[in-house]
Amino acid sequence: MAEESCDLLIRVFGNAAVTNRLQPDAQGVVGLDSLGNGSFNKSDKPFDGAQVRGKFTCKQGHTYNLNGQTNNEGIITIVLPEGTVDSFTAEKDKIGVSKQGNIAIPPPAPTPVTVPRPPKYIIIDLNSSSFSSSINPTEKDARVVILGDISGSMGAETQMDILRRSFQEIFDKCQKNKWSVSLAAWNDKIDWCTETWIQSSQAQAVKSWIGCQRARGGNDMRRAIEDCMKRYSSATDVYVMCDGDITPFANPEVDWRNFRNQFLKTKFHFIALGAHAAYAPMETMATIGGGTFTHTT
């Protein structure tokens, strides 16, 4: 198929339809990527059967309508070429759950023909009391590390309550699914719940550790992740939760990418907590890290 092309038909604003001609690469693969599994949740429940709308602008500058519906898990999958999605909203019963800001659909990552490209996975979580629903590793024998920000800025509103509740629910979820799990809280230092993977017999110690967590101190995300990977080099999934302070990663496209590339066997997921969280850098870091981005408001 390398010499052929295919047509992508998308309905444009108004009534006109525009056909974009997309050229396959040398292996006959057309350059489409997936926003894939954009997930909407409200009040700890999937926003199922919601009407989803948005606008997509391709890299050539053409703008198109997006229109669809979430499934019974609150998920919608949309396959798109490189470009930007904005005004991405799910609405049901006159209630709207919206993605703040734009969603950048990157150039498709080079993968072997037999290996599916991983989708860009975004979760928009409104009025939720926990982010435990975001913890969904794909490996059956997953090894999960949760890093929670407890710097001084986390003392605002109910953020620490959500973090403590999430730690407990995530521990319970991992135990139920027989995933290895470790929990840590960080500011400019890092406090590990246990020295190794948590055992089921340590449930009371976990509960006590969670209850002691308070917002305080500065912030050093890199130090936390470095210590995590030193202790748990076999981790399949690392989930990083914070309110948007990614210090000292000033430029995620450069310094985070270089850092992340040391640990290519691990997926790094990012969870932005709070309506005013600086979510855009964390979304970029999740994409580079091959993981899920969640915005919990």
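The values are calculated or read from the model by the stated rules, or taken from the named source; none is laboratory data. Since this is a predicted model, take the numbers as computed values, not measurements. Ligands, DNA and RNA are stripped out before the accessible areas are found, and what is left, the full protein with its side chains, is counted by its heavy atoms. Shrake-Rupley method; radii C 1.70, N 1.55, O 1.52, S 1.80 Å.
Quick one: accessible area per residue over segment 145-297, 1.4 Å probe, rounded to a whole number of Å²?
Numbers: 6540 Å² over 153 residues.
Heavy-atom SASA per residue in segment 145-297 reads 43 Å².
Bridge orientation summary for segment 147-297: considering DSSP beta bridges with both residues in this region, about 15 percent are antiparallel. For segment 204-297, give the percent of accessible area contributed by carbon and sulfur heavy atoms, probe 1.4 Å, rounded to a whole number. About 52 percent, which is the carbon plus sulfur part of the accessible surface. DSSP finds beta bridges in segment 89-206, and of those with both partners inside it, around 50 percent are antiparallel. Scanning residues 5 or more positions from D243 or on other chains, those with amide H under 5 Å from its amide H are L273, with H placed 1.01 Å from N in the peptide plane.
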